[in-house]
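Below you'll find the structure, written out as structure tokens, and then a few comments.
Only the coordinates and a few stated rules stand behind these numbers; no lab work does. For clarity, every value in this text was computed on a predicted model and none was experimentally measured. Because the Cβ atoms are built from the backbone with ideal geometry, glycine has one as well, and the counts that use them run over all protein chains shown.
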Amino acid sequence: MRIGWRTRSYAQQKAMWGFLFVLPWLLGFIFFFLLPFLTSFRYSLSTIEANSKGIIVTYAGFANYVNALTVHTSFNRILTESIVNMVVNVPLIIIFSLFLAVLLNQKFLGRSIARSIFFLPVILSSGVIMTLESSSLVQAVNDQAAGAGGLMNSFGAYELARLMLRSGVNETIVLYLTEAVGRIYEIVSQSGVQILIFLAGIQSISPQLYEASKMEGATGYEAFWKITFPMVSPLILVNLVYTIIDSFARNNMTDLIRETGFTTFNFGLSSAMAWIYFASILLILLLSVYIVSKRVFYQE
């Protein structure tokens with residue numbers, strides 16, 4: 001006897017609706033991600049030739065990986081630069097996003113406009129608008145201003161570094177901060193989504209916690225470190241993962257992989273580069289999540 005829908009238990013109905021809900025994603029994952037994912041790994045272990053008979057795939061072992069790591073002139077350099085830029089940018093983006101989210105959560109005149117302004121770089125960094133921006137008058141003016149004010153900016157950074165060194169700040173920290181000054185545009189343009197995530201997390205914190213801390217005499221500084229920071233620590237982990245992936249998705253390495261595959265038509269080498277890049281990202285993500293997750297506070 002066939003069991004009808006109405007005779008199923010609530011748990012069975014919930015499981016069925018859940019499966020139906022994820023079915024479109026599951027089909028898209030299998031046909032549009034998993035199959036190309038496995039095909040790219042096969043190509044990375046092969047040499048690919050195209051002729052009148054079609055595409056010929058010949059197994060070549062790890063020759064493409066050896067070529068990318070030991071023969072290619074710029075792969076190692078670009079990979080190292082991508083990792084270094086990620087290590088420098090990600091902490092700055094996380095700290096800047098949390099700082100701005102705390103400020104934008106305060107009540108002040110024009111708060112909605114300020115939130116829109118800080119999310120605007122996310123829209124401007126989209127593909128079409130970014131292309132228009134690169135060839136626009138605004139970009140030309142910015143380039144001219146950068147050239148005219150380059151000497152002044154260098155002088156200001158030098159004075160700032162010398163002041164911090166005289167104050168006893170560690171040289172490594174001074175170098176990191178002076179480099180951060182030159183990355184302001186990059187940091188702001190990549191912080192829009194993180195600011196929204198932090199802002200949503202801060203607004204979900206119960207106001208009663210802040211009222212109780214204020215009644216106990218806690219300052220705003222103490223309330224941030226004892227309430228706000230622990231409560232949004234899960235979102236710090238979320239933003240960390242998002243920012244690392246976003247940083248690796250927009251750099252010269254992706255351009256090199258695309259150029260190797262679709263300009264020089266060396267799909268085997270291009271696939272090997274992509275898999276090495278993927279392994280590097282995966283290793284950094286696992287290490288970062290392992291370290292940060294130990295400090296995350298989950299409210300029960």
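Calculated FRET efficiency, Y210 and I173, Cβ-Cβ r, R0 25 Å, to nearest 0.05?
So the FRET efficiency works out to roughly 0.20.
For the range 30-35, in order, what is each residue's ³J(HN,Hα) by Karplus, 6.51 cos²θ - 1.76 cosθ + 1.60 with θ = phi - 60°, in whole Hz (x at glycine and Pro)?
5, 8, 10, 10, 5, 5
Just order 232-240, 191-199, 78-86, 31-39 by mean Cβ neighbour count inside 10 Å, highest at the front, would you?
So the order, starting with the most tightly packed, is 191-199, 232-240, 78-86, 31-39.
Please state the relative contact order of the range 1-113 as a whole percent: Cα pairs under 8 Å, 6+ residues apart?
Over the range 1-113, the number comes to 11 percent.
Which translational diffusion coefficient, to the nearest whole µm²/s, is obtained for the range 163-300 from the Stokes-Einstein equation, given a Kirkwood hydrodynamic radius over C-alpha pairs, 20 °C and 1.002 mPa s?
Here the translational diffusion coefficient equals 115 µm²/s.
Taking R0 as 41 Å, what FRET efficiency do you get between F297 and L26 from their Cβ-Cβ distance, rounded to the nearest 0.05?
0.80
Along the range 254-263, what does the Karplus equation 6.51 cos²θ - 1.76 cosθ + 1.60 (θ = phi - 60°) give for ³J(HN,Hα), rounded to whole Hz, x for Gly and Pro?
Working through the residues one at a time gives 5, 5, 5, 5, 5, 5, 5, x, 10, 10 Hz.
Run the numbers for V289 and F224: contour at 0.36 nm per residue of separation, minus the present Cα-Cα distance, in nm.
Difference between extended and current length: 21.1 nm.
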